[in-house]
Amino acid sequence: MAGTFLLEYIEKDSVIHRLNGATKLICFILWTVAIMFTYDTRLLLALTFLGFVLFRISKIKFNEIKIVFYLITIFLVLNLIMIFLFSPLEGTKIYGTRHDIFKIFGNYVITKEQLFYEFNIFVKYFSVIPVALLFIITTNPSEFASSLNRIGVPYKFSYAVSIALRYIPTVQEDFITISKAQQ
């Protein structure tokens, strides 16, 4: 049943796999904070590219995470649609200009500013995806829990995280078994 689970540790021999869990966690937090605090498209695109380079270095194949990647992409597209539906002129508010491309109806106008704003949102999310997936699938749950404990997180919390991360594949396996039984 290996390869059918969505999010689980995938053991490989790579530089990223050899990093300890605390290092991966700190890098992931710093990466995410850097992305949250910027709208500089050049930096976001550079981080996105670097994220995919790190993914390549980890030796994880795309087909091992493609279901999760597609689910995240669907969520991302839905999020962009909702941003437009609830705030169709957010880009014009942020950038202070308005260049209409075409009017749909009412307040719903496609503007260059809105497209650029939503492109930045897309790149922001997309730059986090590879690093988040790397963190999840290259970190052994036991090693991650012990690393959490080493950086000062209470033992009970670290142990609970370890159990939760180990339980995910079990739940997925039960789901697959029940699904096959019902078919």
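For the range 19-47, filtered to residues that are crowded, with 17+ Cβ neighbours inside 10 Å and modelled with pLDDT of 90 or more, the residue that is nearest to N120 (Cα to Cα) is L44. Residues that are at pLDDT 80 or above and over 21 Å from the mean Cα position of the chain (by Cα) occur at least once in the range 161-169. Right, R166: in a loop (DSSP other than H, G, I, E, B), surrounded by fewer than 18 Cβ atoms within 10 Å (Cβ to Cβ) and out of contact with any Phe, Trp or Tyr (no Cβ under 7 Å at 6 or more places or on another chain) or not? Answer is no for this residue.
Looking across the range 55-83, the residues that are more than 14 Å from the chain's Cα centre (by Cα) and hydrophobic (A, V, I, L, M, F, W, C) come down to I57, I60, F62, L78, L80, I81, M82, I83. For the range 37-54, the set of residues classified as out of contact with any Ser or Thr (no Cβ under 6 Å at 6 or more places or on another chain), in contact (Cβ under 8 Å) with a residue 24 or more places away in the chain, more than 15 Å from I137 (Cα to Cα) and assigned to a helix (DSSP H, G or I) consists of T41, L45, listed by residue number.
Restricting the first member to the range 55-67 and to residues that are farther than 17 Å from Q172 by Cβ, and the second to residues that are among the hydroxyl-bearing types (S, T, Y) and surrounded by 13 or more Cβ atoms within 10 Å (Cβ to Cβ), the beta-carbon pairs closer than 9 Å and six or more apart or on different chains are I57/S14; S58/S14; S58/T138; K59/S14; I60/S14; I60/T138.
Please find, within the range 56-75, the residue that is nearest to F135 (Cα to Cα) out of those that are buried (at least 16 other Cβ atoms within 10 Å of the Cβ) and at pLDDT 85 or above. Out of the qualifying residues, it is S58.
State whether the residues of the range 149-158 include one that is surrounded by 17 or more Cβ atoms within 10 Å (Cβ to Cβ), modelled with pLDDT under 85, of a type in the set (A, V, I, L, M, F, W, C) and outside the structural domain of I29 (by TED's automatic domain parsing). Looking through the range 149-158, none of the residues is surrounded by 17 or more Cβ atoms within 10 Å (Cβ to Cβ), modelled with pLDDT under 85, of a type in the set (A, V, I, L, M, F, W, C) and outside the structural domain of I29 (by TED's automatic domain parsing).
Condition check ((1) in contact with a strand residue (DSSP E or B) (Cβ under 6 Å, 6 or more places away or on another chain); (2) part of a helix (DSSP H, G or I)) across all residues:
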site: M82; (1), (2): no, yes
site: T92; (1), (2): yes, yes
site: I104; (1), (2): no, no
site: I110; (1), (2): yes, no
site: F116; (1), (2): no, yes
site: V123; (1), (2): no, yes
site: A132; (1), (2): no, yes
site: S142; (1), (2): no, yes
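Residues in the range 120-133 include at least one that is farther than 30 Å from I10 by Cβ and not basic (K, R). If you go through the range 133-166 and keep only what is aliphatic (A, V, I, L, M) and free of Cβ contacts under 8 Å to residues at least 24 places away in the same chain, you end up with V153, A160, V161, I163, A164.
The values are calculated or read from the model by the stated rules, or taken from the named source; none is laboratory data. Worth saying up front: this structure is predicted, and the values here are computed from it rather than measured. Don't worry about glycine lacking a Cβ; one is built from the backbone with ideal geometry, like all the others, and counts go over all protein chains shown.
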